[in-house]
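A short worksheet on the structure shown next.
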Amino acid sequence: MRHVALPLGSLLLFLVLWQALAASHTWSETLVPPPAKVWDAFVDVSTTHDGVRGYNGTTLIEHLGISLRRIAFGAGLGIAAGVVFGLLMGTVGWLRSLFEPWITFLRTLPPLAYFSLLIIWLGIDEEPKVTLLAVAAFPPVAVSTTTAVAAVPKSLVEAARALGASRWDTVRDVVVPSALPETLTGIRLAVGVAYSSLVAAELVNGLPGIGGMVKDAANYNNTPVVLVGIIAIGVSGLVIDGLLLRLERVAVPWRGRT
């Protein structure tokens, strides 16, 4: 009951404070719209009203679905590449020395720093958006997997080799299971980074898409729609993170246990 009551209580308190702030008229409704207006905007962008379907001809769930497909494809590519590079760098010392500085350099760059370059190279269609999300998701997985692989106890590796395991068998049966918990943590971080890069990825030609909807609504000071888009991104992010946590519990049930 406590795990349910506390989040619901904090949500209720937030809504009360939000309503009180909007009712105080400290700021105009353009800056701080009341919850009722945001709800009306949610209904409008989710349905057909006055002959207008959703926002810019696309409903909220469709905007969100298009963005989630971009994230799934882009972040999926980045995560797969990060796992492969992490395994290679964690097991081959000279590869780590060669690539780790470049991955660290890439990890410190904000997405907007290279998005314009991706547009110049790839145009304004789907390619730069997916590439941006892949590049953003790659470093957290690569770093966490490399660290986890390098931290595998040498005694386990030596025991496997002494029992006749080949190098591939050792990686598959010893290294990968040992590194899996930290790798899954890196995947969770990568998905979060991809989400934080979503609006940046959809700055150019982002409609339809939830980030593009937020950007377009902001251009017209349509704060309720902006808040609807932000809430949709946040809620979907919470759901996906919960699913990843569930996957982690199933894949590595021994984590946190002695």
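The values are calculated or read from the model by the stated rules, or taken from the named source; none is laboratory data. Everything quoted here is computed from the prediction, not taken from an experiment. Methodologically, a virtual Cβ is constructed for each residue, glycine included, from the backbone with ideal geometry; neighbour enumeration extends over all protein chains shown. Keep in mind that these areas ignore ligands, DNA and RNA; they rest on the heavy atoms of the full protein, side chains included. Shrake-Rupley method; radii C 1.70, N 1.55, O 1.52, S 1.80 Å.
Only one of the numbered conditions (1) under 21 Å from Gly212 (Cβ atoms); (2) over 24 Å from the mean Cα position of the chain (by Cα) is violated by Ser46, and that is (2).
Right, Gly212: surrounded by 14 or more Cβ atoms within 10 Å (Cβ to Cβ) and touching an Asp or Glu at 6+ places or on another chain (Cβ under 6 Å) or not? Can you show your working first?
Details: surrounded by 14 or more Cβ atoms within 10 Å (Cβ to Cβ): yes; touching an Asp or Glu at 6+ places or on another chain (Cβ under 6 Å): yes.
Against the criterion (surrounded by 14 or more Cβ atoms within 10 Å (Cβ to Cβ) and touching an Asp or Glu at 6+ places or on another chain (Cβ under 6 Å)), Gly212 qualifies.
Residues in segment 115-137 that are assigned to a helix (DSSP H, G or I) and open to solvent by 30 Å² or more (accessible area, probe 1.4 Å): Ser116, Leu117, Ile119, Ile120, Trp121, Leu122, Glu126, Glu127, Thr131, Val135. Need the failing condition index for Leu163 against (1) surrounded by fewer than 13 Cβ atoms within 10 Å (Cβ to Cβ); (2) in contact with a strand residue (DSSP E or B) (Cβ under 9 Å, 6 or more places away or on another chain), just the number. Evaluating Leu163 over (1) surrounded by fewer than 13 Cβ atoms within 10 Å (Cβ to Cβ); (2) in contact with a strand residue (DSSP E or B) (Cβ under 9 Å, 6 or more places away or on another chain) leaves (2) as the failure. Is there a residue in segment 146-153 that is open to solvent by 40 Å² or more (accessible area, probe 1.4 Å), under 14 Å from Gly82 (Cα atoms) and not basic (Lys, Arg)? Within segment 146-153 (the criterion being open to solvent by 40 Å² or more (accessible area, probe 1.4 Å), under 14 Å from Gly82 (Cα atoms) and not basic (Lys, Arg)), the answer is yes, since at least one residue qualifies.
Within segment 246-258, restricting attention to residues that are touching a residue at least 24 places away in the same chain (Cβ under 8 Å) and open to solvent by 50 Å² or more (accessible area, probe 1.4 Å), the residue that is farthest from the chain's Cα centre (by Cα) is Arg255. Considering only residues that are within 16 Å of the chain's Cα centre (by Cα), buried (at least 17 other Cβ atoms within 10 Å of the Cβ) and over 15 Å from Thr59 (Cα atoms), which ones fall in segment 215-239? Answer for segment 215-239, where residues must be within 16 Å of the chain's Cα centre (by Cα), buried (at least 17 other Cβ atoms within 10 Å of the Cβ) and over 15 Å from Thr59 (Cα atoms): Ser236, Gly237. Right, Leu21: open to solvent by 60 Å² or more (accessible area, probe 1.4 Å), of a type outside the set (Val, Ile, Thr), under 30 Å from the mean Cα position of the chain (by Cα) and over 17 Å from Ala218 (Cα atoms) or not? So Leu21 does not fit the description; no. Considering only segment 102-113, I want to know if a residue exists there that is over 24 Å from Phe73 (Cβ atoms) and either over 21 Å from the mean Cα position of the chain (by Cα) or not in a helix (DSSP H, G or I) (or both). Checked against the condition, which is being over 24 Å from Phe73 (Cβ atoms) and either over 21 Å from the mean Cα position of the chain (by Cα) or not in a helix (DSSP H, G or I) (or both), segment 102-113 yields at least one hit. Just so you know, in segment 27-51 the residues that are out of contact with any Ser or Thr (no Cβ under 6 Å at 6 or more places or on another chain) and of a type in the set (Gly, Ala, Ser) include one that is surrounded by the fewest Cβ atoms within 10 Å (Cβ to Cβ), and it is Gly51.
Between Leu77, Leu60, Leu87, the distinction of being open to solvent by 60 Å² or more (accessible area, probe 1.4 Å) and either at pLDDT 95 or above or not small (Gly, Ala, Ser) (or both) belongs to Leu77 only. Note on segment 30-65: residues that are without any contact (Cβ under 8 Å) to a residue 40 or more places away in the chain, touching a helix residue (DSSP H, G or I) at 6+ places or on another chain (Cβ under 8 Å) and of a type in the set (Gly, Ala, Ser) amount to 2.
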